[in-house]
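Q: Before we start, here is the structure in question, set down as structure tokens.
The values are calculated or read from the model by the stated rules, or taken from the named source; none is laboratory data. Here the structure is a predicted model, which means the values were calculated and not measured. Note that each Cβ is placed from the backbone with ideal geometry, even for glycine, and that neighbours are counted across all protein chains shown.
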Amino acid sequence: MKQIRPKKTWKLLFLLGPFLVSTGLVVGLIGGQWGIIPLLFLIPGIVIIITWFIWQSQTTKWWAKRSTQAGTNALLATLAVLAILGLINFLGSRYHFRTDLTEAKLFSLAPQTLELVKTLSQPVKVSIFDATQNPQDRDLLENYRRQNDKFQFEYIDPQARPVLARQFGVKQPGEVYLEGNQKRKLVQVVNQSDRLSEILLTNRLEQVISGKVNKAYFLQGHGEYQLTPGENGISFAVQALNNKNFITEPLNLAEQGKVPEDANVIIIAGTKRALFDNEAQAIQEYLKRGGNVFLMIDPDANPKLDPLLNEWGIKLDNRLAVQPASDYGPVVIIVTQYGNHPITKDFGNNISYYDLARPIATTPVNGVQSTPLLLTKSFPDSWAESDQKSEKLEFNEGKDIKGPLNLGIALTRKVSNAPTPNQESRLVVIGNSNFVTDRLFEKQINGDVFLNSVTWLSQQDQQPLSIRPKEAKNRRINLSTAQAILLQLSSLLVLPFLGFLSAGLLWWQRR
């Protein structure tokens, strides 16, 4: 029988060392735990490799050989590459860098969401009761978690964990719940057509964190918009406020006589008839004790609130705002310039528009601070028209007012003899009301103007304001039938012919 020489035996033992180390690494990486089993492979393997190197260094001068040096250089280069790749992966897992190249930032969180999530001081968790994980929903949740490790989420199969599903009161697959601050709220139900909404999730997150419920009253009884769906309804605005943790109720001051004590905001939207004197006085007294009012008054309306408006230095101009360059008609005012105010701080150059609007003028009043909100600076040829009955709108010097015009204004005033220091009352006046109707609420950022105004009026300055839904812009090219046929023929005949012609000319040159 052929005997194995000692040198060959050591070589076989050395091969056993890398084998054991590799096995230990694989077991540890796959199992995710570096317990006793991976160590039983790693430690003997490392001992064998170290012993082999010591024995080789004592018996032979293998490190001086050219082959050893070349092998060592190759090994070091390989280890350096592996170390660099490992470092890149480590940094990539610790520090995320993503760039959203879409025009509408479809895959980025809104600034309002970022502001809220980054300031989380207590853990919150989203539980999605669904057996399948939608990549779009998971990517949105990962975006939240990247901003703050206090935000966590979990997908739960209600069939595999029925006890937990019963604890949450799950009625159907796809229900999404948010937990935090010892509260639990249903966010929405996701399915194939309705994916997880950043708007709903952020609003529920705000509700869980703040723990405060605000109450907004809509004045009724003078031709104001109804709170239910319909041609003259503002149900979308009401629902949006409910989503932002507001309780909304109608208010009839002629019956109640005074503003309720729990009112955070009084909203007067599109009043057509004058208020009674006692109603106007009740709103005035409400503002004096630190209340907040949102007035949306159309050009043809006179709510008889002159004493209140004079107190704040506001003058409702009876002229009609005209913008001849507007694509929607001269009396539809397009606004892309906004004042420097918390209500409009994230609007940029986005569009809001107002069908039949009146300018708002102000005079200085001691203790009142005012900030313009809606400006027509983008259309310098705008003006305020005094003759609204004329079929032909023309600027008349001396009667009309040259633009730019201010269609909205936000005001604050310190409350005298207030129980708390720095208490103030707030007022927002906009010379148009139909921008908040169901027909126009979701157009451009009209809804943002309303929601941000109500949020600021409720004195929730520390809370994020409204979030616009992101929509991909339509970039499709609409071709006529003739153009489609021409494009098809050019791709099937013209382009191949040009290719063959170029190849033929090239062959003719080189033959």
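Q: I need the full set of residues from the stretch 160-179 which are within 17 Å of N191 (Cα to Cα) and not acidic (D, E), in order please.
A: If the condition is that a residue be within 17 Å of N191 (Cα to Cα) and not acidic (D, E), then V170, K171, Q172, P173, G174, V176, Y177 are the ones that fit.
Q: Looking at the stretch 299-320, can you tell me whether even one residue there is at pLDDT below 90 and farther than 23 Å from L373 by Cα?
A: no
Q: Let me ask something additional. Regarding the stretch 33-54, can at least one residue be identified that is outside the structural domain of R146 (by TED's automatic domain parsing), modelled with pLDDT under 70 and part of a helix (DSSP H, G or I)?
A: Scanning the stretch 33-54, I find no residue that is outside the structural domain of R146 (by TED's automatic domain parsing), modelled with pLDDT under 70 and part of a helix (DSSP H, G or I), so the answer is no.
Q: How many of the residues making up the stretch 475-494 are assigned to a helix (DSSP H, G or I) and either among the charged types (D, E, K, R) or surrounded by 10 or more Cβ atoms within 10 Å (Cβ to Cβ) (or both)?
A: 12
Q: Give me a count of the residues in the stretch 264-283 that are in contact with a helix residue (DSSP H, G or I) (Cβ under 7 Å, 6 or more places away or on another chain) and farther than 16 Å from T437 by Cα.
A: Residues flagged as in contact with a helix residue (DSSP H, G or I) (Cβ under 7 Å, 6 or more places away or on another chain) and farther than 16 Å from T437 by Cα within the stretch 264-283 amount to 7.
Q: Further question on the same structure: Would you mind listing the helices (runs of 4 or more DSSP H) fully within the stretch 113-226 where at least 2 residues are buried (at least 20 other Cβ atoms within 10 Å of the Cβ)?
A: 135-147, 198-210
Q: Considering the stretch 153-197 alone, what residues qualify as being within 21 Å of the chain's Cα centre (by Cα), under 21 Å from V213 (Cα atoms) and touching a residue at least 40 places away in the same chain (Cβ under 8 Å)?
A: The answer is Y177, L178, E179, G180, V187.
Q: How many residues does the stretch 336-370 contain that are in a strand (DSSP E or B) and under 26 Å from the mean Cα position of the chain (by Cα)?
A: Total meeting the criteria: 5.
Q: While we're on this one: For the stretch 321-346, which residues satisfy the criterion of being at pLDDT below 90, more than 15 Å from D381 (Cα to Cα) and either acidic (D, E) or crowded, with 18+ Cβ neighbours inside 10 Å (or both)?
A: The one that is at pLDDT below 90, more than 15 Å from D381 (Cα to Cα) and either acidic (D, E) or crowded, with 18+ Cβ neighbours inside 10 Å (or both): D346.
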